[in-house]
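Okay, so here's the structure we're looking at.
The values are calculated or read from the model by the stated rules, or taken from the named source; none is laboratory data. Computed from a predicted model, the values in this text were never measured in an experiment. Cβ placement follows ideal geometry from the backbone for every residue including glycine, while neighbour counts extend to all protein chains displayed. In case anyone asks, the SASA skips ligands and DNA or RNA and just uses the protein heavy atoms, side chains included. Shrake-Rupley method; radii C 1.70, N 1.55, O 1.52, S 1.80 Å.
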Amino acid sequence: MHRYRFLLFRPLQLLPVLLGISLLTFVMVRSIPGDPARILLGVRSTPAALARVRAQFGLDEPLWLQYFYFLRNLLNGELGKSIIYRVDTLKLIFSRMEPTLWLIGGSVLLAVLLTIPLAAIAARQQGRLADHLIRLLSTGGLGFPAFWLGIMMILLFSITLGWFPVSGYGDTWLEQLHHMVLPCLTVALALAAVLIRNLRASLIAEMGSDYATAARARGQPVSRIFWRHAMPNSLVPTINLLAVNVGWLIGSTVVIESVFAIPGMGQLLVKAIFSRDYMVVQGVVLVFALATVLVNLLADLATVSLDPRVKL
């Protein structure tokens with residue numbers, strides 16, 4: 001009963017958060033110097049043409065009225081019309097969503113596949129050479145910017161070795177998978193560096209707890225205690241940390257899509273900012289904010305599933 005109540009009321013509690021993000025984005029975007037109408041028509045545009053474009057997109061209205069129109073369109077399931085692309089903003093975002101989902105999903109999957117075995121080895125080999133090497137690599141991963149790591153991977157695996165494409169997305173799903181290996185690995189390495197340190201510390205703490213000591217005293221194998229009890233309990237803070245880093249993960253996809261020229265939502269956001277395409281910027285940021293909220297909701301549910309002691 002509590003779980004159903006949580007699923008019903010938690011999204012309602014997050015509505016003010018999304019509203020605040022939309023308002024903050026609206027104000028910040030319109031604070032960027034430049035006139036979208038002049039960018040669209042060029043520097044030689046006439047005052048009459050500029051006025052006509054501003055009236056067409058409602059840019060000549062007061063800011064409070066523009067925000068009201070934006071909220072009204074949002075309640076109707078619309079995000080307005082792109083100033084630069086001249087198409088519906090929601091359709092434009094959906095057309096760019098697939099590469100971004102590939103990038104985020106692949107990055108999280110690779111990060112998890114790297115984190116669990118490496119953190120387990122470091123925890124089981126605490127204080128030994130393997131532990132020191134893994135901690136050294138994870139510390140180094142925290143210090144490398146995502147864009148620099150992406151450029152280094154392009155130089156090594158694409159230009160020098162020729163294993164992967166330099167940029168682009170591909171047409172078939174096999175080509176897309178081939179194109180997305182390096183971008184996903186770039187984001188995953190940076191994300192795994194954070195998760196490995198957290199999971200390693202949690203595993204060591206769990207293996208030193210009273211229940212682990214009692215289980216060893218009863219003669220249970222250490223490997224059984226480690227994987228059956230310590231690992232599920234340690235995954236709870238790691239999942240929460242992953243959910244907290246969703247905002248960073250989305251920010252990384254914006255940078256990586258620009259580095260690898262991936263036609264996703266991140267690259268669309270960057271182009272929209274430079275072209276002052278207000279509707280697209282507001283729409284993409286709102287979609288990213290909604291994704292962050294949903295991921296945190298799923299993390300709460302996963303925490304309850306792994307640890308029944310946690311109450312919603």
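If you scan the stretch 239-265, which residues turn out to be open to solvent by less than 30 Å² (accessible area, probe 1.4 Å) and modelled with pLDDT of 85 or more?
Ile256, Glu257, Phe260, Ile262, Gly264, Met265
Any chance you could count how many residues in the stretch 266-279 are of a type in the set (D, E, K, R) and either modelled with pLDDT under 80 or at positive phi (or both)?
Narrowing the stretch 266-279 to residues of a type in the set (D, E, K, R): 271, 276-277.
Okay, now just the ones that are also either modelled with pLDDT under 80 or at positive phi (or both), so 276.
Residues that pass the stated criteria total 1.
Could you check how many residues of the stretch 83-118 are more than 27 Å from Asn245 (Cα to Cα) and loosely packed, with under 15 Cβ neighbours inside 10 Å?
Residues flagged as more than 27 Å from Asn245 (Cα to Cα) and loosely packed, with under 15 Cβ neighbours inside 10 Å within the stretch 83-118 amount to 3.
Give me the residue from the stretch 173-231 that is of a type in the set (Phe, Trp, Tyr) and open to solvent by 50 Å² or more (accessible area, probe 1.4 Å) and, out of that set, farthest from Leu249 (Cα to Cα). Reasoning before the result, please.
Taking the stretch 173-231 first, the residues of a type in the set (Phe, Trp, Tyr) are 173, 211, 226-227.
Narrowing further to those that are open to solvent by 50 Å² or more (accessible area, probe 1.4 Å): 173, 211, 227.
On the way: Trp173: 23, Tyr211: 35, Trp227: 28 Å.
In this case the residue turns out to be Tyr211.
Residue under question is Gly80, and the condition is that it be open to solvent by less than 50 Å² (accessible area, probe 1.4 Å), under 26 Å from the mean Cα position of the chain (by Cα) and at pLDDT 80 or above; does it hold? Before the answer, list the steps.
Working: open to solvent by less than 50 Å² (accessible area, probe 1.4 Å): yes; under 26 Å from the mean Cα position of the chain (by Cα): yes; at pLDDT 80 or above: no.
Taking the combined requirement at face value, the residue does not satisfy it.
Applying the selection to the stretch 271-284, what residues are among the hydrophobic types (A, V, I, L, M, F, W, C) and open to solvent by 40 Å² or more (accessible area, probe 1.4 Å)?
Applying the first criterion (among the hydrophobic types (A, V, I, L, M, F, W, C)) to the stretch 271-284 yields 272-274, 279-281, 284.
Ile273, Phe274 - these are the residues of the stretch 271-284 that are among the hydrophobic types (A, V, I, L, M, F, W, C) and open to solvent by 40 Å² or more (accessible area, probe 1.4 Å).
Select from the stretch 131-156 the residues that are surrounded by 14 or more Cβ atoms within 10 Å (Cβ to Cβ) and touching a helix residue (DSSP H, G or I) at 6+ places or on another chain (Cβ under 6 Å) and list them in ascending order.
Our first condition is that a residue be surrounded by 14 or more Cβ atoms within 10 Å (Cβ to Cβ); within the stretch 131-156, this holds for 131, 133-135, 137-138, 141, 144, 146-147, 149-151, 153-154.
The answer is Asp131, Ile134, Ser138, Gly141, Ala146, Phe147, Leu149, Gly150, Met153.
Which residue, of Leu103, Leu90, Leu114, is within 25 Å of the chain's Cα centre (by Cα) and under 30 Å from Phe226 (Cβ atoms)? Steps first, answer last, please.
Details: Leu103 fails: under 30 Å from Phe226 (Cβ atoms); Leu90 fails: under 30 Å from Phe226 (Cβ atoms).
Exactly one of Leu103, Leu90, Leu114 is within 25 Å of the chain's Cα centre (by Cα) and under 30 Å from Phe226 (Cβ atoms), namely Leu114.
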